[in-house]
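The values are calculated or read from the model by the stated rules, or taken from the named source; none is laboratory data. Worth saying up front: this structure is predicted, and the values here are computed from it rather than measured. Here the Cβ positions follow ideal geometry from the backbone for every residue, glycine too, while neighbour counts run over all protein chains shown. For accessibility, only protein heavy atoms count, side chains too; no ligands or nucleic acids. Shrake-Rupley method; radii C 1.70, N 1.55, O 1.52, S 1.80 Å.
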Amino acid sequence: MCLSFSTHFDRSAISRVSCAGLFFKRQRKGLEARRGSTSFFFIFLLFVAPPDNVCAEILFAFCSDVCLFSLSAGDITQKGYEKKRAKLLGAYLPQIDGNQVLKTFSIPSPKQTCLVCVPASLFLHFHSLTRFPTDVHTEAVQAALAKHKERKVAVPMPSKRRSLVVQTSMDAYTPPDTSSGSEEEGGQGEGTPTSSQGSVSMDHWISRAIHQGSTTSSSSSSTQSGGSGAAGRLADVLAQTHVKNHSAPPDVTTYTSEHPAQVERPQVSTVPRTTPKYGNAELMETGDGVPVSSRVSAKIQQLVNTLKQPRRPPLREFFVDDFEELLEVQQPDPNQPRPEGAQMLTMRGEQLGVVTNWPPSLEAALQRWGTISPKAPCLTTMDTNGKPLYVLTYGKLWSRSIKVAYNILHKLGTKQEPMVRPGDRVALVFPNNDPAAFMVAFYGCLLAEVVPVPIEVPLTRKDAGSQQIGFLLGSCGVTVALTSDACHKGLPKGPTGEIPQFKGWPKLLWFVTESKHLSKPPRDWFPHIKDANNDTAYIEYKTCKDGSVLGVTVMRIALLTHCQALTQSCGYTEAETIVNVLDFKKDVGLWHGILTSVMNMMHVISIPYSLMKVNPLSWIQKVCQYKAKVACVKSRDMHWALVAHRDQRDINLSSLRMLVVADGSNPWSISSCDAFLNVFQSKGLRPEVICPCASSPEALTVAIRRPTDDSNQPPGRGVLSMQGLSHGVIRVDTEERLSVLTVQDVGTVMPGALMCVVKPEGVPQLCRTDEIGELCVCSVATGTSYYGLSGMTKNTFEVFPMNSSGAPVSEYPFTRTGLLGFVGPGGLVFIAGKMDGLMVVSGRRHNADDIVATALAVEPMKFVYRGRIAVFSVTVLHDERIVVVAEQRPDSTEEDSFQWMSRVLQAIDSIHNVGVFCLALVPANTLPKTPLGGIHLSETKQLFLEGSLHPCNVLMCPHTCVTNLPKPRQKQPEIGPASVMVGNLVSGKRIAQASGRDLGQIEDNDQARKFLFLSEVLQWRAQTTPDHVLFTLLSSRGAVLSSLTCLQLHKRAEKIAAMLMERGHLQDGDHVALVYPPGIDLIAAFYGCLYAGCVPITVRPPHPQNIATTLPTVKMIVEVSRSACVMTTQVISKLLKSKEASAAVDVRTWPPVLDTDDLPKKKPPQLYKPSNPDTLAYLDFSVSTTGMLAGVKMSHSATSAFCRSIKLQCELYPSREVAICLDPYCGLGFVLWCLCSVYSGHQSILIPPSELEVNPALWLLAVSQFRVRDTFCSYSVMELCTKGLGLQTESLKSRGLDLSRVRTCVVVAEERPRIALTQSFSKLFKDLGLHPRAVSTSFGCRVNLAICLQGTSGPDPTTVYVDMRALRHDRVRLVERGSPHSLPLMESGKILPGVRIIIANPETKGPLGDSHLGEIWVHSGHNGSGYFTVYGDEALQSDHFNSRLSFGDTQTVWARTGYLGFLRRTELTDASGERHDALYVVGALDEAMELRGMRYHPIDIETSVIRAHKSIMECAVFPWTNLLVVVVELEGSEQEALDLVPLVTNAVLEEHYLIVGVVVVVDVGVIPINSRGEKQRMHLRDGFLADQLDPIYVAYNM
């Protein structure tokens, strides 16, 4: 139903409006009866005079009545009516002041019958342009930001090292140059014009700067059952992120006894207690783990508070991602707007009028003008001063084109074998300031019937996108490139003067087309001029969204028809003057300025880009100077003219009858058009002159607004709801006036063409009238194919749109234009965006241009230049995420940048209702450019993805954007023991338990067995084999530094025992700290203590270069172990009491320090013999990876059992040599270094690991030289060899290094085997004879120093692949190698004799089945007997060393290792013929992070992060206040630091479904690593929170 009336407001108008209202009321009942589906009512009102307030009120009253029944669905109550009426009219009810004109609804009178249309109420027309769409948008952005002010949130600003804050000098920047570029794929943005009339002063609200972060959607995907609404949902989820310390050893660092100097203790603590210093720092008091003083922790607290803000509700449904970890999938919103209009029909353009004198082909036109009017000007080129450089006449164009045609065909190659034949493709490489040479070459190709492929000049070998263009040339079979003399000289040259082959380009012959270089054609030679046919005329290149370059082929008939259609639409006549600012090699610039102009003998004034950079007004000046009728520009050219027009007086644009705006397909071009008209209307510019057009490489010109003489004919306008657009439907925005898009029409369909709108995805089905879709065109004048790509051609150029019944709408194929839009009233075409700029986020569509416009409206022209901003999407975790990259102004401060970024986030969130995933600012002039200065979008995206963008500021918002994370795992109530037993029986799972060989059943002639104590074994060996060498110490050069025989060791130990008794006055059982470098003194001191009945504690000496951090640890161990004296060398003794030492610790409180370099001559009166094998033999002190210092008590019986177990596993006898490259201070390293040789009698070749820093080959050379079969090392040693000797294998081979005798090379570790390192080590040294199966690992921990050790006999270590997602749920699921989410795990060696293992649930202490991940419990004769605690905290001790299962075998006493792992029965058999049980260690329980209810192991996340970028050397992760903190070491320039932030965030999201809270980029070597090569993550955490890392950059992800 349609009501239309035009009126002057008088009394009669009021009565007429009332009548209309009455008429509607009468019709109402009938309407309601017929209203099954929602009907459309189009009310077209055209007010000739501005209404006064009275009439406005009448209009409101009338509209409300109409609205009531046209828009309601179902019956409506009085209350509902009032509500709806208020809602619909709320936007219009404010007082309208006198000078503001009521926006009035209008539609242009249709030029042809409009078959279908969208509601005309969408289309506005301004009689007096007082407010432009951009102003409206700017005001919307202001309002959105003002809203955010109310709920103030503090966003932590990133921390940056001073050296990274780059202040660029202003001189390096040239605004118009870099910012005027808004190429097709480049800076898509159109910002706010800065003309005084056109722009709103923003200062009044900018000054009220706000610092909040965007509050969009939450990363949490569900609350706990019965949840508490959106607020705090993230906090709820994050609250599950606590780390449980199931089996942490008792904390002994709080022991302060009477020594107040404890504050200086470093590196050793866990959370709820005094946090130790990192280096020399002050301690921070932490209440419940939250520090009070520290900038970093304050920022993290700020971030946590921000993330607790209410967010967009999470998604509801889930899809299964191969496993029970469920990623949320977007469900359609039941309330989203849906299209309701009728199905549209095809729109037909007016008939292409075949004029009698139109030439039959373009070459014929050239011939006609070249012979009839040879003096007529065809093209005038300008120099950079705006002076005419050269005038090309039609006569010259004709004669030179013939010359070029002749030379192409006859002067390349030989007569028999010409290089170019008709139909071949040739490249045209001409600079943007030489249109004349290009034009001659182009027409020369047409005359020679070869196919020109115009491309950009490659300035360097690595130009943005140049490689892809090379690929296009290769696929087109191009072998010849035509170019100009100047261009040829400017191309990069090789040393011999030849042009090098550009990357990805085919080999080309460069041919210069200047006349002086060409031969004259013979008089009888003449080009054959045919009528236009279906041969290819030219190929236009097109850059896709992904950066690939396609060639669109245009046939000769299409070329001619397109010129005819443009001539008819634009009303071109002979000898008109046209000013062209566009690129003449492609698109609108080529069609109007090179082709159609020749068909009509027009005169083109070509303005080069280089002139526009110097003088943005040059095109306007040329229009005035030449009285040009037509100008072809882009909206950016209008924009820069506005910026520069200030002092121009003598401008007169009245000669212009048509101003073609080439990028009318960017909806934001409307702002430039309006502002330009507003300023230049007073200079003679008529409103009807502005003619936006829409074009695409595939469909050529899609639509163009026709120039009219009727100034009363207003252009079409549409005000569309962004919310509606994101769902693909057209709606007036009644709810929220903030988020609207004002679009202008781009005219009607081209003459002779059919147009329809189809759904952008899937089958090409016609859209409804109120639906946005892709425009498709059926016309002779379109491209025909993508050269050489038949599949893509079919999908684009051979589309058959279908109606709702599935029948094609035409027998002829349509071409997809790549433009999104709709056909409005009067057949006007409206473009809402491009397919290439489309980003589908959570099922809603957003256009890159719209996002750009919003970003620019935040602080127009102040912070970011328009045209210097890129918006694209990247796919992360199954959805597209929006990335905004902009060049910041060189004078902006860090504060400015951050403030602008946070505002942009808020504005985009409010207006588009979508979160920005990443916002990056780069220094001025650094983004890759297209040849005409726009931003090269795909290249920018590529740089972003590979981490080479080098931004100077980054803000990531994953918490806000990522709404499809898996549900947090809900812990199930525990199942009783009986159910578990029955469950395991029913499912056929065995309880996971295994054991090594039974010691009781092993028959061996072990003489040492008869002795209960190691001291007795040594005495026995000194008597029976006094000269047998037990220990050999090597120097860094590989020479024997010293050695000890059985007797020498015995005698040395006796003297030390005597000294302890005499000088130290020690009693039985006193503790002695042994502070020695790795070597033989340490071994002698140890046995001296045993001989004297003292308890030795081995302590790593302080590092002389780093006393401040290493000495406090020594002091702490001495105090905590209650050592009665310290034994050491003379050098270290002096060091302990030096001036440097007194700065780090209180040197007065050392116990007596004995120096063993000067030993007494006499023996002790008698050697001590312990009474009971269960008494203490030594204390094993070490710092765990969680920063916990613990001393484990080792009894004499455990020590002997340990040595026997290793002897049996490794088959150690006196005739063997074993090379040991380990630190001798704790764990298995100490046992192998000091104890095993004495027990088994084999010779130990001792290699201090620190010597490898001087000579990395020392260990392997020793293994080869001593023909060692068994060797032990640490991961740090293996890493040193892999990195240090990687390139030296050949030289080592020539030095005679041979590893073929090695049968076991065991890595001693207390962690999951590092499979990548062991494999690369094996591969690297395979050539030197190392057998890959020789390399294996061991596993030990605090409660049992060695549980597994590969040994000599038994099957090779196995590797399995498990599903990483299942592990997070404590389940083991084996998968194939290479399957997604697979994690390789290597067996940790063979279980030692006398050791039993079971896998238990750490919480319930019940046994687990094979398929479960649980804590490894161990029962063995060589378990430690407990922690040496200060206060004797028995509860903890009994839990760790004396645990019992809660059901099943409840009698056996187990020790809890604190490590998670699983057992698997393999198909292999061990020596006894039994099937081999393999133990796989997954990680420490203390270090496992519980996030989102799932268990994560830091090493897995770290592995993903290290793979993310080549410059990441090392990485460590830890949780803090529910946030995941990732610390990465950057090997490279500091400029790369910010590149890592998005890559790290993406990698962790993709592979682990976790959001990184903080990314810290530090220098190499900052992550602390202990002597075993394990990361000390807790020390790192403490250092980070105490602000002591000196990070390069800290990013707080929103």
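Here is how the numbers come out for the structure above:
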item: Heavy-atom surface of region 1028-1110, accessible at 1.4 Å and reported per residue (Å²); result: 34 Å²
item: 18 Å Cα-Cα threshold exceeded, pairs from 147/299; 160/862; 403/516; result: 147/299; 160/862
item: Residue-span extension gain [residue 1450 to residue 459] - 0.36 nm each, minus C-alpha spacing; result: 348.8 nm
item: Label-point gap, in nm, between residue 1291 and residue 1010 - each point 7 angstrom along Cα→Cβ; result: 5.4 nm
item: Between region 898-945 and region 1521-1598, the Cα center-to-center distance that results, in Å; result: 24 Å
item: Alpha-carbon centroids, region 632-653 and region 1339-1354: separation in whole Å; result: 81 Å
item: Net charge dipole size for region 795-849 [Lys, Arg +1 and Asp, Glu -1 on Cβ; Debye, nearest 20]; result: 220 debye
item: Dipole of region 487-562, positive direction: furthest Cα of 547, 537, 490, with charges on the beta-carbon; result: 490
item: Computed E for residue 1142/residue 1376 - FRET, C-beta separation, R0 60 angstrom, nearest 0.05; result: 0.45
item: Positive-pole candidate from 1367, 1313, 1338, dipole of region 1304-1389, charges at beta carbon; result: 1367
item: Among the listed pairs 1115/1162; 1051/1207; 396/613; 585/634; 1055/1137, those beyond 21 Å (Cα-Cα); result: 1115/1162; 1051/1207; 396/613; 1055/1137
item: Size of charge dipole - region 1012-1086 - debye, nearest 20, with Cβ of Lys, Arg +1 and Asp, Glu -1, no other charges; result: 300 debye
item: Estimated FRET transfer efficiency (residue 812, residue 573; beta-carbon r; R0 45 Å; 0.05); result: 0.90
item: Region 1200-1355, accessible surface, carbon-and-sulfur percent (1.4 angstrom probe); result: 50 percent
item: Carbon plus sulfur fraction of accessible area for region 998-1140, probe 1.4 Å, in percent; result: 50 percent
item: Fully extended contour minus Cα-Cα distance, from residue 926 to residue 514, at 0.36 nm per residue; result: 144.8 nm
item: Probe 1.4 Å, accessible area per residue of region 1521-1598, Å²; result: 20 Å²
item: Computed FRET value (nearest 0.05) for residue 1320 with residue 650, which takes r as the C-beta separation and R₀ as 60 Å; result: 0.20
item: Nonlocal amide H pairs with residue 1184, under 5 Å, H built at 1.01 Å; result: 1189, 1190
item: Relative packing of peptides 577-586, 337-346 - highest average C-beta neighbours within 10 Å first; result: 577-586, 337-346
item: Projected label distance in nm at residue 530 and residue 1130, using a 7 Å step from Cα toward the beta-carbon; result: 10.4 nm
item: Peptides 844-852, 1518-1526 ordered by average Cβ neighbours within 10 Å, highest first; result: 844-852, 1518-1526
item: Where region 777-839 is the region considered: accessible area per residue in Å², 1.4 Å probe; result: 37 Å²
item: Long-range HN-HN contacts of residue 476 with modeled amide H, under 5 Å; result: none
